[in-house]
1. Read through the list (1) open to solvent by 10 Å² or more (accessible area, probe 1.4 Å); (2) within 16 Å of ligand 1 (Cβ to nearest atom); (3) among the hydrophobic types (A, V, I, L, M, F, W, C); (4) in contact with a Ser or Thr (Cβ under 8 Å, 6 or more places away or on another chain), then give the number of the only condition that PHE342 fails.
2. Quick one: which strands (runs of 3 or more DSSP E) sit completely within segment 210-285 and have at least 1 residues that are closer than 19 Å to ASP186 by Cα?
3. Out of the residues in segment 473-494 meeting the condition of being crowded, with 23+ Cβ neighbours inside 10 Å and part of a helix (DSSP H, G or I), tell me which one is nearest to ligand 2 (Cβ to nearest atom).
4. Mind checking which pairs have a first residue in segment 70-85 that is of a type in the set (S, T, N, Q) and a second that is at pLDDT below 90 and part of a loop (DSSP other than H, G, I, E, B), Cβ under 7 Å, 6 or more apart or different chains?
5. Check off (1) of a type in the set (A, V, I, L, M); (2) away from ligand 2 (no atom under 16 Å from the Cβ); (3) without any contact (Cβ under 8 Å) to a residue 60 or more places away in the chain for LEU190 and give me the number that stays unchecked.
6. What is the one condition in (1) over 27 Å from GLY488 (Cβ atoms); (2) among the small types (Gly, Ala, Ser); (3) surrounded by 11 or more Cβ atoms within 10 Å (Cβ to Cβ) that ALA20 does not satisfy?
7. Run LEU172 past the list (1) touching a helix residue (DSSP H, G or I) at 6+ places or on another chain (Cβ under 9 Å); (2) within 16 Å of ligand 1 (Cβ to nearest atom) and report the number of the one that doesn't hold.
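The values are calculated or read from the model by the stated rules, or taken from the named source; none is laboratory data. A quick note: this is a predicted structure, and the numbers were derived from the prediction, not measured. Please note: Cβ atoms are built from the backbone with ideal geometry, for glycine as well, and neighbour counts cover all protein chains shown. Ligands, DNA and RNA are excluded from the accessible area calculation, which covers all protein heavy atoms including side chains. Shrake-Rupley method; radii C 1.70, N 1.55, O 1.52, S 1.80 Å.
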Amino acid sequence: MGRMGVTLAIIGAAATCAIAAHLVAKRVRQRANWSRALAIYHDFRDGCATPLHRLRQVVDAMVVEMHAGLALEGGSKLKMLLSYVDNLPTGEENGLFYALDLGGTNFRVLRVQLAGTEGRILQQEYEEVSIPQALMVGSNEELFDFIVAELASFITREGEGFHPLLGRQRELGFTFSFPVKQTSIDSGNLLKWTKGFAIKETVGKDVVEELQAAMGRHKLDMRVTALVVNDTVGTLAGGRYWNEDVMVAVILGTGSNACYVERADAIPKWRGVLPKSGSTVINMEWGSFWSSHLPRTPVDDTLDADSLNPGDQGFEKLISGMYLGDIVRRILLKMAEEAALFGNTVPSNLFIPFILRTPDVSAMHADESADLKEVTRVLRVVFKTQASLRVRKIVVDVCDTVAGRAARLVAAGVVGILKKIGRDTVGNIDMARLKNNLAGKGRKTVVAMDGGLYEHYPKFRTYLNDTAVELLGKEAAEQVAVELSKDGSGIGAALLAASHSQYSSD
Ligand SMILES: Nc1ncnc2c1ncn2[C@@H]1O[C@H](COP(=O)(O)OP(=O)(O)O)[C@@H](O)[C@H]1O
Ligand SMILES: O=P(O)(O)OC[C@H]1O[C@@H](O)[C@H](O)[C@@H](O)[C@@H]1O
């Protein structure tokens, strides 16, 4: 072989070595990145852990905070707000009633024709309207004018079978799913906005007055006869209309909250005459619950710091639909930045808050396909990226960790409420039966659930129900039913409008 040949051979050998070295270095780097990604995930998973002993501490903390919130105003982060709903629907309600349910993502207008215990609900119609994001942070008047304009248009389309009695005003139940300091069954002042709303001028105002003023501007002759401080109270009322064993209602939607039936004589902060019924509905506003036993990670800290209401709604930010998607995004972003989870360039969409929504999380979590097709789709559509099968598997693990923590914490919250009302152990339940506070043998304490997260996330429901059984024990758990109670916040508000109608004495 001539000099040229030797030279070429040496160059070839050197090039081969260089390529081999590059490939080895790349493989070493990939291996190092992968173990870093696993370490980040395992650290996050450990930080989210909800072992039974920790959940029991959360249960007890919930009970302590409930007592503190009932003892005096401001006694706890849990507001334990009076709802002035001392009479829940009985099924005897009659006539045409409207409901307006303002939630975190959309609002619903609804009409229902009631016909007493015989006819029950003859007919109902409703429409759902998405709330333009700009109106959530616009002016007070713009928000209420938008709502009343939709309501007025819905009324013009009253169909067959819906007939207000001659000479009577149409009456409305107003479900307002934000913390309100209720001052009577048909008045209450907004304490603060939550979720995506932040209209400063509304805070402190009576939201019924604001709605009635907008009705005046639109010449809409209608009366709000019941302010339903939020969808949990509406859901409880809707549930109780069909089943007298409904004692608790929980919403898992954009936000989260719970309410329950409390004995009026167990509310030290109650001022004035106790209700004849001897009980009332407490709107817990449990989203603001906080305990050092809650498993919180640095990802949760940064989500809170970046939110519209830092330091507030700590429990809600761990469990509700608005936030689960963004928790998953934040941990994936950390793995992408520190361990090149999606390659050396971090996909730009991973930096966008709330771009990953909880419906996307439940879709990936539900993916049972061998090659995780749904995960591939979500990564492509939301983050404009792709990933190997092993990366897609860890994405599903992250979804499972975030949803599992949320569901188990909700179960602990529910068991805390059951403990507060003495429905958490067989002994307590038997005592309740003895005192005839609980309907006959075989009847259960019912927890009415609603909200898009609970309704549309089967694995979340399974985690929640299984954890409740773990905490209560099998025997006591058989005395409790956790049931989906659809759209109670709409029907419930209409039923409460009926049970507080200005004509009810007629
Ligand atoms: N398929 C789904 N999987 C998981 N969560 C869902 C799904 N669909 C909706 N959600 C959650 O439910 C929330 C809407 O809840 P909903 O009760 O319908 O409205 P609102 O919160 O306005 O009362 C959404 O913000 C979302 O977080
Ligand atoms: O049904 P939504 O809109 O998710 O609301 C649930 C809860 O969201 C919380 O943020 C509000 O403070 C509660 O009042 C409300 O009940």
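1. (2)
2. Per the criteria, 222-228, 256-263, 279-283.
3. Among those that are crowded, with 23+ Cβ neighbours inside 10 Å and part of a helix (DSSP H, G or I), it is SER489.
4. Within 7 Å, the pairs are SER83/VAL229.
5. For LEU190, the failing item is (2).
6. It is condition (3) that ALA20 fails.
7. The one condition LEU172 does not meet is (2).
Residues are listed down the side, and each one gets a yes or a no for (1) more than 14 Å from ligand 2 (Cβ to nearest atom); (2) buried (at least 22 other Cβ atoms within 10 Å of the Cβ); (3) touching a residue at least 60 places away in the same chain (Cβ under 8 Å):
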site: PHE174; (1), (2), (3): no, yes, yes
site: VAL180; (1), (2), (3): no, yes, yes
site: LYS195; (1), (2), (3): no, yes, yes
site: LYS205; (1), (2), (3): yes, no, yes
site: MET215; (1), (2), (3): yes, no, yes
site: THR225; (1), (2), (3): yes, yes, yes
site: VAL248; (1), (2), (3): no, yes, yes
site: ILE251; (1), (2), (3): no, yes, yes
